[in-house]
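A short write-up of the structure that comes next.
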Protein chains: 2
Amino acid sequence: MDRTMHLGMILLGAGSHVAGWRMPDAQFGSQNLPLLQRVVQKAEAGKLDFVFFADAVNTGLDAHPGMMLRFEPLTLLAALAMSTSRIGLVATVSTTYSEPYNIARAFASIDHLSQGRAGWNVVTGSSPDAAANFSRDKHPPHEERYAIAEEYVAIAKGLWDSWQEGALVGDKEKGVFVDPAKMHVLDHVGPHFSVKGPLNITRPPQGYPVIFQAGASDRGLDFAGATAEVVFAAQQIQEEALAFANKLRDKAEAAGRARDAVKVVCGVSPVIGRTEEEAKEIVAELASMMDTQAAMRVLSDRLGHDMNAFPLDEPVPDLPPSGMMQGHAIQLTSIARRKKMTLRQLRDYAAVSSGHRLLVGTAEQVADDLEDWFRSGAADGFAIMSTHLPGPAERFVDEVVPRLVERGLFRSDYTGSTLREHLGLPRPAHPAAATGRTMHISG
Amino acid sequence: MDRTMHLGMILLGAGSHVAGWRMPDAQFGSQNLPLLQRVVQKAEAGKLDFVFFADAVNTGLDAHPGMMLRFEPLTLLAALAMSTSRIGLVATVSTTYSEPYNIARAFASIDHLSQGRAGWNVVTGSSPDAAANFSRDKHPPHEERYAIAEEYVAIAKGLWDSWQEGALVGDKEKGVFVDPAKMHVLDHVGPHFSVKGPLNITRPPQGYPVIFQAGASDRGLDFAGATAEVVFAAQQIQEEALAFANKLRDKAEAAGRARDAVKVVCGVSPVIGRTEEEAKEIVAELASMMDTQAAMRVLSDRLGHDMNAFPLDEPVPDLPPSGMMQGHAIQLTSIARRKKMTLRQLRDYAAVSSGHRLLVGTAEQVADDLEDWFRSGAADGFAIMSTHLPGPAERFVDEVVPRLVERGLFRSDYTGSTLREHLGLPRPAHPAAATGRTMHISG
């Protein structure tokens, strides 16, 4: 087939399962560089498109262990760029609690250090607790956060265009260091930011680092349709996933982009056994070690409501959407309704996969499922979350990836060298080069 | 002798000389990772204490080529941590245009990634042009910038103390992930920042990354005396350097610290030849390629006044101090007065060394000078700036360092593994461990 599946690995240091860190073979990886290097190199050996680091700018005490502590993602990406040569490196940075100049600069730097392998997962901040770490009275409301994010990403792109290709001349003989005609001042003045530029680093090898996004609210979808190049979906049900993907493709088209300019990557947590029974036993083992309070906190975070207020053994209540993580809330509520889950069942389900789709079975069954979703158009690819590290992540690469390659669904080797090339995304031309317009330095 | 000299290398990608990049053997290094790796590994082979990256959050157009573009320093440090194993890695980050939570976190991350080799050069922002990149009407005045910096560094230290040693338990059997009694919430509320904490990364291996500072104004000296562990001095005259160092030691003592708790490191730009004549010829060669407008812009930046307004061939005028770079301004004005320089002469002098002390001669003469300054107490060590890269930096390591080792002034091998150990600085104990007081999480 002419589409190629895209595969990434989401690395939560403690594993995606709330009790993953307690497994006998688990290593705790949030601040464990050798472990992360090992897993990322394994993912690269499997020719995966990217590894991905979630983030938060607060410590979720008493919640998921993987959300309590971790390396700062931009410095981690730079370090991992030195330990790898082909795989894409994606970090999450919130547009709510940082400055566009600093973040545009850091991503440009990582794209240079990695020779074109950086991706930026743009989030608007998933926890209202973060505000207290940034001298703010409150987390901005949903609508405002997205308005900020849109302006912020536009500024970042403008800054990445500061140095048009060829701006850095470096002619020793003539003493010409730069060509001012190819340097551009942004002079952005908007509702949330004023950023003059130019940026003090040349244009990233990829033009722009690849923009990832995960918002699934209507507002988030508008943003993703206009801006995102990879969208993470927490879809649980195949036909809903297909509808979601098509809605996103429509939005991209409406924004003047190609339908395949946005790759929809569904989060999946595979639990693989030699038999389906064995896989189920692993899930049961994980469940037996689960801290139920922590699990309920994870679910509460995902739904945006304190779920301790509701009876455990009754159906999951209908709740109004909160301003937080609407995508996860919609998906979890939907699967609870479909499968007529009690709150206890939904709690345990979310504990395993941090709100993503759980896939329990043999490597063959997992490959079948991924193939089915991919062929149906419900997903352009998958972001693999492991219940713990490194075993399950390595098992996915060793046992599932070769099956996908055999079936002609996934590459047997890299054909490009940048993350954009892995994803089949075009390198954005510099706007001045594209239009012929000049936007010189003012000085 | 019982004092050991400290040596670091300041890496300005285009070289410290405004025309350094034009030398036949110069490689342009601001965004040249292989070149930086090569020079840093050479510095490590010479057992230097640290390499150091200056920074600015704006592009100084038409000024020093080395100030126009470069890697973002935190991501660069993380990358270099992977290419080295012993040498300290110091980056400059302004407290004026960033959030303490983000920066404390990034430095903690680098300290973990490098296993205790991170240093933070705290600056308050050297160019007023930066304000326009950060949605600000103007660069805050000198006094306010330092008040912000003091509060900012105190917050960073508080955040680094979030996870007391032993807070991360990870007992799989008992299911105990953290010991809440060893986790600490900062709850900082101050005039410029409110930061709750805790930080989402454990205490850095060094306790706190080493704090560098370069301010030389009275306000800057107070801050350095109370807080800095290494102070860069741009001193040009030995007796003034000694007075400066003693003043700083007095301030440290007044702040309740040991006199040697602050290491004074003087910036030096050595130009080494096989003979003194050859060294002078190199300086002349550099001068012949100099862009005089760029050189005047460098001097104007250093003095905080547009020097184009004054006649070139008359004595350097007396100027009131500006709010910018007071240390450099004082030093350059002082040497101009002493040596009765014209503005043209001062321009050319500052062009060579970016305002630091220029040392022209044989390796033996350079070693003599460094020994003299060190033995007199005028300096605890030196930060070496190279006119261009990589030749002069490598020559310093190959020819001057062995002479300092022979004379018993400098180490022949590392005796410690962290930057603190190289510098002979104690690892700060956690305040709760030190005092027995508890400052538990509130939740």
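Quantify, in whole percent, the carbon and sulfur part of the accessible surface of the range B:84-176 (1.4 Å probe; protein heavy atoms only). Intermediate values should be presented prior to the final figure.
Details: 1350 of 2800 Å².
After summing per-atom areas, the C and S share lands at 48 percent.
In the assembly of identical copies, A:Q293 has its label point, taken 7 Å from Cα in the direction of the beta carbon, separated from the corresponding points by 6.8 nm (ascending, one decimal).
Ranked by the mean number of other Cβ atoms within 10 Å per residue, highest first, peptides B:368-380, B:158-170 order as B:158-170, B:368-380.
The ellipsoid that matches the Cα gyration tensor of the protein assembly as shown has semi-axes, each √(5λ) in whole angstrom, of 50, 30, 25, with the longest given first. The label point for B:D179 and the one for B:Q293, both projected 7 Å from the Cα toward the Cβ, are 6.5 nm apart. Taking the label point 7 Å along Cα→Cβ, B:I237 and its counterparts in the other copies are spaced 8.2 nm apart, in ascending order.
Across peptide B:73-86, how many C-beta atoms of other chains are within 10 Å of each residue C-beta, on average?
Working: counts 3, 8, 18, 7, 3, 14, 12, 4, 5, 8, 1, 0, 0, 0.
Mean inter-chain Cβ contacts per residue within 10 Å come to 6.
Which residues belonging to the range B:37-57 lose at least 30 Å² of 1.4 Å-probe accessible area when the assembly is complete, relative to their chain isolated? The answer is B:V57. Normalising the average separation of contacting C-alpha pairs (under 8 angstrom, six or more residues apart) by the number of residues puts the relative contact order of chain A at 23 percent. What nm distance separates the two modelled labels at A:R136 and B:L319, each placed 7 Å from Cα along Cα→Cβ? The two pseudo-label positions are separated by 4.1 nm. Surface composition of the range B:270-387: carbon plus sulfur atoms contribute 50% of the solvent-accessible area (1.4 Å probe, protein chains only, all chains present). Label point of A:G424 (7 Å along Cα→beta-carbon): distances to the other copies' equivalent points are 6.4 nm, sorted ascending. Residues considered: A:V271, A:V231, A:V316. Largest GNM mean-square fluctuation over chain A, using C-alpha springs under 10 Å, is found at A:V316. In the range A:118-151, burial by the other protein chains removes 20 Å² or more of 1.4 Å probe accessible surface, compared with the chain on its own, from A:A132, A:N133, A:F134, A:S135.
Roughly speaking, what is the stretch gain from B:L312 to B:V189, that is 0.36 nm per residue apart minus the C-alpha to C-alpha distance, in nm to one decimal? Write down the numbers at each step before the final one.
Details: separation 123, 0.36 × 123 = 44.28 nm, distance 5.10 nm.
The B:L312-B:V189 span can extend by a further 39.2 nm.
The value of relative contact order for the range B:36-101, using C-alpha pairs under 8 Å at least six residues apart, is 43 percent.
Panel note: contact residues of the range B:171-204 (accessible area lowered by at least 30 Å² against the chain on its own; 1.4 Å probe) correspond to B:K172, B:G175, B:F177, B:S194, B:K196, B:P198, B:N200, B:I201. Would you tally the net charge around B:V57, using a Cβ to Cβ cut-off of less than 10 Å, leaving B:V57 out, and scoring K and R as +1, D and E as -1? Net charge in that neighbourhood comes out at -3. GNM on chain B, alpha-carbon springs under 10 angstrom: the most fluctuating residue among B:P209, B:P317, B:P100 is B:P317.
Give the percent of DSSP beta bridges with both residues in the protein assembly as shown that are antiparallel, rounded to the nearest 5.
Working: 12 of 86 bridges.
DSSP beta bridges in the protein assembly as shown are roughly 15 percent antiparallel.
Report the antiparallel proportion of the DSSP beta bridges in the range A:97-242 as a percent, rounded to a multiple of 5. Let's see the in-between values first.
Working: 5 of 11 bridges.
Beta bridges within the range A:97-242, antiparallel portion: roughly 45 percent.
Note on the range B:159-234: Cα-Cα pairs beyond 15 Å make up 68% of the total pair count. Bridges between two residues of chain B, per DSSP, are antiparallel at a rate of about 15%. Per residue, chain A exposes 35 Å² of solvent-accessible protein surface, assessed with a 1.4 angstrom probe and all protein chains in place.
Starting from the Cα of B:K247, draw a straight line to each of the aspartates and glutamates and keep only those under 18 Å, dropping any in the same chain fewer than 8 residues away. Result set, ordered by chain and number: B:D218, B:D222, B:E229, B:E239, B:D260, B:D380.
Using protein heavy atoms only (no ligands, DNA or RNA), what is the total accessible area buried between B and A, 1.4 Å probe, nearest 100 Å²?
In total, this chain pair buries about 5400 Å².
The values are calculated or read from the model by the stated rules, or taken from the named source; none is laboratory data. Just so it is clear, the structure is predicted and the values come from calculations on it, not from any experiment. Cβ: placed from backbone, ideal geometry, glycine included. Neighbour counts: every protein chain shown. Accessible surface is based on the protein model in full, side chains and every heavy atom, while ligands, DNA and RNA are left aside. Shrake-Rupley method; radii C 1.70, N 1.55, O 1.52, S 1.80 Å.
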